[in-house]
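Read the structure below first, then the notes.
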Amino acid sequence: MKSCLCRIVATLPLAGLAWMVLPVAAATRAPDPDPSSQMHSNAEALHVLNRMGYGPTPGEVQAVAREGVDVWINQQLDPQAIPDPAVDAALAHLGTLNLPCTRIVEAFREEAQIRRERNRQAGLAGKGVRKAGPRPLDPPEALVADAFAQLQDAKLIRAVLSNRQLNEVLVDFWFNHFNIDARKDLDRATIESYERDTIRPHIWGSFRDLLGATAHSPAMLVYLDNWKSSRVFPLRRGRRVVQRGINENYGRELMELHTVGVDAGYTQADVISVARCFTGWTIDPRDGEFRYNARWHDEGDKVVMGVRIPAYGGIDDGERVLDLLASSPATAHHLALELCERFIADHPPQSAVDRVASVFLSTHGDLPSVYRCLFTSPEFLDLKYAGAKSKSPFEFIASALRATGASVVPVIPDPTPQGPEQRPGFAMRQTAFSMLFQMGQQPYTWEPPTGFSENSSRWITSGALVQRFNFSLAYAAGRFRDARPNYAELLHGARRSSTDSVIAALDASMLGGTLSPATRTVLERQTVRPAHSRQPVPALPRILALILGSPDFQRR
Amino acid sequence: MKSPTPVSRRFFLRQGALAFASIGAGALFGPGFLRSSLFAAEPLRTKGGKRVLVCIFQRGAVDGLSMVVPHGDPHYYRLRSDIAIATPTSGKPGSAIDLDGTFGLHPALAPLRDIYGAGELAVLHACGNPNGTRSHFDAQDFMEAGTDHDKALRSGWLSRMLASCPEDSAHLSPLRALAMTGQMPRSLEGDPSALAIADLAHFQVAPGARPAYAESLETDFRQIYASSQGDAIHSAGDNSFAAIDLLRKVDPAHYRPTDGATYPTGPFGRSLRQIAQLIKSDVGLEVAFANIGGWDTHANQGGAEGQLSDRLREFSQALAAFHRDLGAKMSDVLVLTMSEFGRTAHQNGNRGTDHGHGTAFFALGGPVRGGRVYGRWPGLAPDQLYQNRDLAITTDFRDFFAEAAVRHMGVTSGDLPKVFPEFRTDAARFPGFLG
């Protein structure tokens, strides 16, 4: 794509605050003169910004504390009402982001065709295809690769720049709940549409609709193999006869991961029944769209968790299973637990889980009501849980970029790469985003259907910490192509010659004033003496790196 | 499952990208490495002399019929008119290296000949996953999870094996389980102590920075993490610095292999060189994991020379260097090689091979009862092939893994169901390569 050669810079001049100056309905509170009360409201603001979003931008803790944490929570619960100009501007340059799915599927198929032809030519010429060396991407290959690279860029842009922070966190949560992997066959070409058309439009509606959207999505049908699942019958392929049959993969994960959970008491017979209900839910491989193939559907009688699904239900069998599972109390509990794990603590208090589950049940899975219950619950707001979770690699990088007012520059791949390893979508783009790969959490390519673990202790391992130190050092020194700290904004109003003043400014912006004494002691001795001066000055990139790598900044 | 497209195939053959990733980390800080003598390392918390298991995954599905040639099977030459490896008795250049009159090594595996002769290399042919998937994605996942088809199994077989190994928890090393990869392989998923490090030389604070600068930064981070809070983040910090200290003693950047062992350049050679170094340093390594890619030879895979031959040469040179480098230490070490499936018995229209079924696995090391080809040969006659096209499987890969777990790592037979759930195996089913 020609347009891909451009570099887009979207700086963040207080973008996170821009909407805060809009008149808000709630009464503006006068600044509280009591310092301990001020500290408390700052800590509260930091907590909600860390949990309902990817952490504060410079000045945001104080702004949210001033306006009131409850005001901010209410605004986040209505994302459509929040203007998001920085994201709109940055994404406008990502040309493939709104391409129809069929267009990318088409390119994916053309690419396969070109590869077959290249293999054939190589076979005739007696040369190895792998020896061809660096070559420009074929146009369809480039389109598929660009679409995937831009999906990744957009994820970081949105997490860092969006004013609709809760919306972005929830997209991440639900994508992870209904995980797919871009490396599985056609999902390479449908994953963009999966996030855009399947997840995003449904996370503020009912759970049943979200579940239905994933069940019908080509990406999920391919990822969990349901597109191949059919009633048992012999199929003639030339002279060979292939026995077709059901594939249980989707049926199992639908129950275990997407809805009722592994301990809901279903049996292997239930898994088979569910799989039979979804036989014939497949895709048209030509355009990658959902198709119901009645010839493949098992029209027999089925029983799912004690409920009879009568014979000859056709496509409605699957819909009935989704109704049944979405309305089960086990599903309400399973999802409440997962939400509380993400947003409250790795081992969340039972009271919160029960309350969220009961709202889920009483509202028939109305997600905005569920979110409101969760984010206004006393447990969520209890500062006992502030900092109780460790950041995942993505949360760590996104929060580092936000905390430092970063510019985010999508690094669009060079159309004539050095070799296959530097193809777009691959790790080594020397970007902040690429560090996610080494930290073990590259978005969109996580194979297990479980998604990434919501238990945050999984992410804090010894290998991971060393990666985080080195990310912090490289980032503070401005070594990434896609994002650099904005020191001018970060130190606005601070005396750059004073170590105390610099530390105070960074503490206020990045940690809402919660810097620990142990970290502070080390920061205070970080000075350098410039060549033409006798006076030591704060060693700036280094102080920032030490804060980013500190235990303080690993918590949320 | 259809054969993958180029992009998805490259995704599967992850190793190249991982290698680049590791190079990149160093490049962020410029040239030069931290010297080993900068700090007095803390006393080692480990003990030496442990049994070590090294797993090597040939990602992309290696053609077992070219790697270990069944030259005694008359159908082999019929199926592969352009890419067959000549029989040892043909006297042609590039013919197979005879093992037992029926099988022979690909000529590019010549560096392994003497190890086989010394009885420290065993071949297990016609091995694999009896589940018939031909998807790289699913088959790699199943093999690393240690299951034939159970997608619900979340952890890796090596992590379950380590959990079942007799252990002295007071002496567990921070380097007990190590993958030489950027991302944790599925095989070790679920082991919280496992480390994934593509290049040990980069497992330090500010790799590549000036030593004095890196040293002062490390001191600062150490001090920040030193406060006695005792939570998960601080204990991960403790472990990080313990591992850094261990590796500083090891000093991977300045390693000299012994006895003239020469590892091939490239990430696989580097992985084995660093694993050898850790074993020799007695840092408590018990399980190591490495990848080597480039086996998905759909077009023009070549015969005695060519694409596949180049990959096999790098593979065998690295293994032979590892064997030579470790010398007497090899008595504690078992290397297993594996691949997700084999390739079609017949060559395709592009002088390559497509996704198949059974393939050959190697076991190398002092404990191996080598110099033999294990496994029942199913034959290559049309009616002997799996689905009329592929080498059939006569040994389940889990029997191969289980023998290593029991006879080498000390897992009890009673614990085997934990390592391989819903799979019944016992000594009677073991291939027998460990006696």
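Evaluate the distance, in nm, between pseudo-label points positioned 7 Å from the Cα of A:ASP354 and of A:THR521 along their respective Cα→Cβ axes.
Label-label distance for A:ASP354 and A:THR521, simple model: 4.4 nm.
Would you mind getting me the FRET efficiency between B:ALA118 and B:SER216? Use the beta-carbon distance for r and R0 = 56 Å, nearest 0.05.
Here the calculated transfer efficiency is 0.65.
What's the angle, to the nearest 10 degrees (0 to 90), between helix A:165-177's Cα axis and the longest principal axis of chain A?
It is inclined by approximately 40 degrees.
For B:LEU99, which sequence-distant residues (separation of 5 or more, or a different chain) have an amide H within less than 5 Å of its own amide H, given hydrogens modelled in the peptide plane?
Sorted by chain and number, the residues that satisfy this are B:GLY104, B:LEU105.
Going by amide H atoms built from the backbone, whose H comes under 5 Å of the H on A:VAL537, apart from near neighbours?
Long-range HN contacts for A:VAL537: A:VAL528, A:ARG529.
Considering the alpha-carbon set of chain A alone, what are its Rg and its Dmax in angstrom?
For chain A, the Cα-based Rg and Dmax read 25.7, 89 Å.
Over the Cα atoms of the protein assembly as shown, what radius of gyration and what Dmax do you get, in Å?
Radius of gyration, then largest Cα-Cα span, for the protein assembly as shown: 28.8, 95 Å.
Got a sec to turn the phi values of segment B:354-363 into Karplus ³J(HN,Hα) couplings, 6.51 cos²θ - 1.76 cosθ + 1.60 with θ = phi - 60°, whole Hz, x for Gly and Pro?
9, 5, x, 9, x, 8, 9, 10, 10, 10
Take B:ASP426 and A:GLU117, extend 7 Å from each Cα along the Cα→Cβ direction, and tell me the distance between the two endpoints in nm.
Reported label-point gap for B:ASP426 and A:GLU117 is 6.0 nm.
Would you work out which of A:GLY300, A:VAL232, A:GLN350 lies farthest towards the positive end of the dipole of segment A:226-365? Charges go on Cβ: Lys and Arg +1, Asp and Glu -1.
A:VAL232
Within 10 Å of each Cβ in B:300-307, how many Cβ atoms from other chains are there, averaged over the peptide?
For peptide B:300-307, the averaged partner shielding equals 4.
With a Förster radius of 35 Å, plug the Cβ-Cβ distance of A:ARG308 and A:THR376 into 1/(1 + (r/R0)^6) and report the FRET value to the nearest 0.05.
0.30
Which chymotrypsin sites (Phe, Trp or Tyr not before Pro) in segment A:285-325 sit in a loop by DSSP (not H, G, I, E or B) and have at most 10 other Cβ atoms within 10 Å of their own Cβ?
In loop regions of segment A:285-325 (DSSP not H, G, I, E or B), the sparsely surrounded chymotrypsin sites (Phe, Trp or Tyr not before Pro) are A:TYR312.
In chain B, once you exclude exposed GluC sites (Glu not before Pro) (DSSP loop, at most 16 other Cβ within 10 angstrom), what's the longest stretch remaining?
Within chain B, the longest run free of exposed GluC sites (Glu not before Pro) spans B:1-166.
For the Cα atoms of chain A, what angle does the longest principal axis make with the long axis of helix A:350-362, in degrees from 0 to 90, nearest 10?
Approximately 50 degrees, to the nearest 10.
To the nearest 10 degrees, how steeply does helix B:267-280 sit against the main Cα axis of chain B, on a 0 to 90 scale?
Tilt relative to chain B: about 60 degrees.
Take the alpha carbon atoms of segment A:226-365, find their radius of gyration, then divide it by 2.2 N^0.38 Å using N residues; give the quotient.
Against the compact-globule rule of thumb, the ratio is 1.24.
Roughly how many debye, to the nearest 20, is the charge dipole of chain A about its Cα centre, given +1 on each Lys and Arg Cβ, -1 on each Asp and Glu Cβ, and no other charges?
The calculated dipole for chain A is roughly 2340 debye.
Could you give the dipole magnitude of the protein assembly as shown about its Cα centre, charging the beta-carbon of Lys and Arg +1 and that of Asp and Glu -1, in debye to the nearest 20?
My answer is approximately 2660 debye.
With each label point set 7 Å from Cα along the Cα-Cβ vector, what nm distance links A:SER369 and B:GLN223?
5.6 nm
Can you grab the distance from the C-alpha centre of segment A:48-95 to the C-alpha centre of segment B:243-273, Å, no decimals?
Each part's Cα centre sits 48 Å from the other's.
None of the figures in this text is laboratory data; all of them are computed from the coordinates on show. Here the structure is a predicted model, which means the values were calculated and not measured. Neighbour counts are summed over all protein chains in view; Cβ atoms, including those assigned to glycine, are modelled from backbone coordinates with ideal geometry.
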